[in-house]
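Structure first, commentary second.
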Amino acid sequence: MRYRTLGGTGIEVSSHCLGAMMFGAVGNPDHEDCVRIIHAALDQGINFVDTADMYSTGESEEIVGKALKGLRDDVVLATKVHFPLHDDSRNRSGNSRRWITRAVEDSLRRLGTEWIDLYQVHRPDHSTDIEETLWVLSDLVSAGKIRAFGCSTFPAEDIVEAYHVAERRGYGRFRTEQPPYSMIGRGIERSLLPTCQRLGMGVLTWSPLAFGFLSGKIRKNQPIDLTSGRAAIAPHRFDPSLPANAAKYNAVERLIEVAEGIGVLLPELAIAFVTTHPAVTSVISGPRTMEQLDGLLKAADLTLDDATLDRIDEIVPPGTDLWDTDAAWRPQSLTNPTTRRRPPTDR
């Protein structure tokens, strides 16, 4: 397991982060089994756990809290705030001082801890001035309730705005960004990742399997159940009858050939690909079972060479989201492979 510094904070985290989204009613409702999965990940060198208050309506945080009893000092713990936990969400969601000061106390209680290492704003909230959000997060650092704060799924322009507001007002700044990133969803290579690099931010990516599309279980010309699992949540992303999905299915078949060519499974290739980008600090994978965790750990041992990365680039060009048309102008962050790949000796 490799370890990298988290966005200039001096905190060292494993290059693979255990995501806790599938712990609880939404995924695995067996608390004891989830605790075993967390402990197994820690035993294999993962020291970074990411959850959120809205995962299974707080249940995920409770499970993580149980698992970390007696281990808290050895684990970098991250959680998030923004989404409503209940239907009655007036003033109980978003990025306001009113909600964040309440939500952080609830998270601390569920997690059974006195502090959160990384507290992340789960999504932008354009109804709240970014100055208000940075102000309350800075106060929480001063109060010792959180150690650092970041954002999740923010566009590059919002990150830049937040950086300048923090600099102008003397507030703490976002130390990390948490965007989706995968072999078939490479749009963040255009501007988001280069922006984070310039600002010295850590990047924690989620959905390396592209919402399950790169799990190896979704194949071209094979039956797919659109009524269960990930497909039931967003059937339009998987429906093979939709023309927009044809490119995804074609790419998956070619990527499976790449994986087979180097003797690994598609999920292992997908996770290893994400960690190759020099802007990425840690890739978040959210196993539901011990078997899925084992697959994650296999990916941690996998190093991709330039020939393999070149083949992936041929199938899904840098900066390309398969459901978007490619832009005519392509920045250096897309055209120069060295900007997206760590030196071979550092992989």
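The values are calculated or read from the model by the stated rules, or taken from the named source; none is laboratory data. None of the values given here were measured: they were computed from a predicted structure. As a convention, Cβ positions derive from the backbone with ideal geometry for all residues, glycine included, and neighbour counts pool all protein chains shown. Accessible surface is based on the protein model in full, side chains and every heavy atom, while ligands, DNA and RNA are left aside. Shrake-Rupley method; radii C 1.70, N 1.55, O 1.52, S 1.80 Å.
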Worksheet item: Percent antiparallel among DSSP beta bridges with both residues in the chain, to the nearest 5?
Response: 15
Discussion item. Can you divide the C-alpha Rg of the range 54-101 by 2.2 N^0.38 Å and report the result to two decimal places?
Written reply: 1.36
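Find the relative contact order for the chain and round it to a whole percent, using C-alpha pairs within less than 8 Å whose residues are 6+ positions apart. If you can, show how the numbers build up before the last one.
Details: 613 pairs, mean separation 59.7, N = 347.
The value is 17 percent.
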Practice prompt. Compute, for Tyr163, the solvent-accessible surface of its heavy atoms (probe 1.4 Å) with the complete set of protein chains present, and express it in square angstrom to the nearest 10.
Written response: 70
Item to complete: Taking the Cα centre of the range 182-318 as origin, sum charge times position over the Cβ atoms of Lys and Arg (+1) and Asp and Glu (-1), and report the length of that vector in debye to the nearest 20.
Response: 520
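Once you've got the Cα coordinates, tell me which of Lys69/Lys145; Lys248/Lys298; Lys80/Lys217; Lys80/Lys248 are over 28 Å apart. Mind dumping the intermediate values first?
Values: Lys69/Lys145 18 Å; Lys248/Lys298 25 Å; Lys80/Lys217 30 Å; Lys80/Lys248 30 Å.
Where the Cα-Cα span goes over 28 Å, the pairs concerned are Lys80/Lys217; Lys80/Lys248.
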Response to the item:
In degrees rounded to 10, the 0-90 angle between helix 246-261 Cα long axis and the longest Cα principal axis of the chain is 80
Worksheet item: Dipole size in debye (nearest 20) for the chain around its Cα centre, Lys and Arg Cβ +1, Asp and Glu Cβ -1?
Response: 360
Item to complete: Excluding residues on the same chain fewer than 8 positions from Lys220, give the aspartates and glutamates whose Cα lies under 16 Å from its Cα.
Response: Asp239, Glu253, Glu257
Fill in: Quotient of Cα Rg and 2.2 N^0.38 Å for the range 1-138, N being how many residues it contains
1.05
Worksheet, complete the sentence: Longest principal axis of the chain (C-alpha) makes with the long axis of helix 306-315 (C-alpha) an angle, in degrees to the nearest 10, of 80
Worksheet, complete the sentence: Hull surface over four for the Cα convex hull of the range 105-207, reported in nm², is 7.0
Practice prompt. Divide by every residue of the chain the summed helix terms, -39500 (n - 2.57) for each DSSP H run of at least 4, and state the resulting mean residue ellipticity at 222 nm, rounded to the nearest 500 deg cm²/dmol.
Written response: -11000 deg cm²/dmol
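Just the accessible area per residue of the chain, please: how many Å² with a 1.4 Å probe? Spell out each step's value before the answer.
On the way: 15580 Å² over 347 residues.
Per-residue value: 45 Å².
Within the accessible area of the range 104-212, what % is carbon and sulfur when the probe is 1.4 Å and the other protein chains stay in place? Could you put the intermediate results ahead of the total?
Working: 1990 of 4140 Å².
Exposed carbon and sulfur together represent 48 percent of the surface.
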Worksheet item: Along the charge dipole of the chain, Cβ charges K/R +1 and D/E -1, which of Leu193, His126, Pro317 sits furthest on the positive end?
Response: His126
Discussion item. What is the ratio of the Cα radius of gyration of the range 173-314 to 2.2 N^0.38 Å, with N the residue count, to two decimals?
Written reply: 1.06
Worksheet item: At a probe radius of 1.4 Å, what is the per-residue accessible area of Asp30, in Å² to the nearest 10?
Response: 70
Worksheet item: When the scattering of the chain is computed by the Debye formula from its Cα atoms alone, each counted once and equally, what is log10 I(q)/I(0) at q = 0.09, 0.10, 0.15 Å⁻¹?
Response: -0.47, -0.59, -1.38
Worksheet item: Which angle from 0 to 90°, rounded to the nearest 10, does the C-alpha axis of helix 266-276 make with the longest principal axis of the chain?
Response: 60
Worksheet, complete the sentence: Summed over the other residues with a beta carbon less than 10 angstrom from that of Trp115, with K and R at +1 and D and E at -1, the charge totals +1
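In a shell of Cβ-Cβ distance under 13 Å around Gly10, excluding Gly10 itself, what net charge do Lys and Arg (+1) and Asp and Glu (-1) give? Each step should come with its number before you reach the end.
Values: positive: Arg4, Arg147, Arg175; negative: Glu12, Asp117.
Here the charged neighbours net out to +1.
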